[in-house]
Amino acid sequence: MVIAFTAILGLLIGSFLTVVVDRVPRRASVVAPGSACGGCGLELGPIDLVPVVSWLALRGKCRRCRAPIGVEPLVLELTTAGLFTVLAIKFPRLWELGAFCVLAGGLVALSWIDLKTKRLPREIIYVTAAIGVPLLCVAALVRHEPKRMLTMLIGAALALAFMGVVYLVSRGGMGDGDVRLSPLLGAYLGWLNPGFVAVGLFLGFVLGAVVGLALMAVGRAGRKTAVPFGPFLAMGALISIWIGQSLIDRILHR
């Protein structure tokens, strides 16, 4: 029941994220005005905003002018719902699940924006932290494990220190948005286990390197082409959250 509810919530949050990824880069309000068709200006009503169902029923087009809506809403809604479902399986406790769902929603929005604009808006990072970190603290207290709040701070400090060094060494090769994102990821990973910070960052760099080399191999990027790194940091962190402990166990028991 909890998994099903979380999946539905993910669809709804994903639908809201379509507004976030469109408006935040433009510094527009995500609250008003209401959503409307970019072609004819038709204000979207409840029938147009049912996650996935509306897109499929309208075949990805505006109800009035038939202008293409694009696949963005479908991708964001399904991705968010999928992540929420996986997290519901991983975290059966309510406060933990809420905290990590906040992180997942923030990372989906940040990754999408970074891929499109090569920017990681600080507003989304700060809002995600402002909501998620207090939830992590409550979760630690509910578990009677206040030490998790200390490991959370340690994780944030480790991630920030490492990414800060990389930023300085890269001399502009890495954006400051990636550095700004790192303590948020470090806090979450540190809450689980400070060792997860190293796993998450390592996976992020490996994924980024593999994709960068692949793009160079097919001629889609050159050695100096800027490749958004935020999505790889996000993927590394999410993978570490899911299987970080098993990876550490394998390394330590080889």
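Readers should treat all values here as calculations from the given coordinates under stated rules, not as data from a laboratory. Quantities reported herein were computed from a predicted structural model and do not represent experimental measurements. Ideal geometry is used to build each Cβ from the backbone, glycine not excepted, and the neighbour counts take in all protein chains shown.
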| field | Per-residue HN-Hα couplings for the range 227-234 [Karplus 6.51, -1.76, 1.60; θ = phi - 60°; Hz; x = Gly/Pro] | value | 10, x, 9, x, x, 6, 4, 5
| remark: Full extension between V165 and F205 adds, at 0.36 nm per residue less the Cα distance, a length in nm of 13.0 nm
| task | For a label point 7 Å from the Cα of I243 along Cα→C-beta, name the residues of the range 76-107 whose backbone N is under 16 Å from it. | result | 86-87, 90
| task | Rounded to the nearest 10 degrees, what's the angle between the helix 147-170 long axis and the longest principal axis of the chain, both from Cα atoms, 0 to 90? | result | 80
| query | Taking neighbour Cβ counts within 10 Å as the exposure measure, how do M235, M216 sort from fewest upward? | reply | M216, M235
| request: With everything on Cα atoms, drop me the angle between helix 195-217 and the longest principal axis of the chain, reported from 0 to 90° to the nearest 10. | output: 60
| query | Please state the relative contact order of the range 1-90 as a whole percent: Cα pairs under 8 Å, 6+ residues apart? | reply | 46
| field | Relative contact order (percent, whole number), the chain, Cα cutoff 8 Å, 6+ residue spacing | value | 16
| task | Compute the separation of the alpha-carbon centres of the range 113-131 and the range 52-85 and state it in Å as a whole number. | result | 22
| request: Return the Cα extents of the range 120-254 along principal axes one, two and three, sorted largest first, each rounded to a whole Å. | output: 53, 41, 22
| task | Determine, at each q value in 0.08, 0.16 (inverse angstroms), the log₁₀ of I(q)/I(0) that the Debye formula gives when each Cα of the chain is one equal point scatterer. | result | -0.34, -1.24
| request: Percent of Cα-Cα pairs per 5 Å bin, from 0 to the last occupied bin, for the range 113-197, please list those. | output: 3, 16, 21, 21, 18, 11, 6, 3, 1
| request: Kindly provide the helix-only [θ] at 222 nm of the chain, computed as the sum of -39,500 (n - 2.57) over DSSP H runs of four or more divided by all residues, to the nearest 500 deg cm²/dmol? | output: -24000 deg cm²/dmol
| log10 I(q)/I(0), Debye, Cα-only the range 1-41, no solvent, q = 0.24, 0.31 Å⁻¹? | -0.82, -1.04
| Rg/Rg_globular for the range 45-151, with Rg_globular taken as 2.2 N^0.38 Å and Rg from C-alpha atoms | 1.34
| note | Length gained, I89-I131, 0.36 nm per residue minus C-alpha separation, equals 13.0 nm
| note | Between the Cα axis of helix 2-23 and the main Cα principal axis of the chain, the angle (0 to 90°, nearest 10) is 70
| query | Relative contact order of the range 64-201: what whole-number percent is it, with Cα pairs under 8 angstrom and at least 6 residues apart? | reply | 21
| 5 angstrom amide H check on K61, placed H, neighbours 5+ away | I69
| note | Taking placed amide H atoms and a strict 5 Å upper bound, the residues 5 or more places from A36 or on another chain that come that close are L44
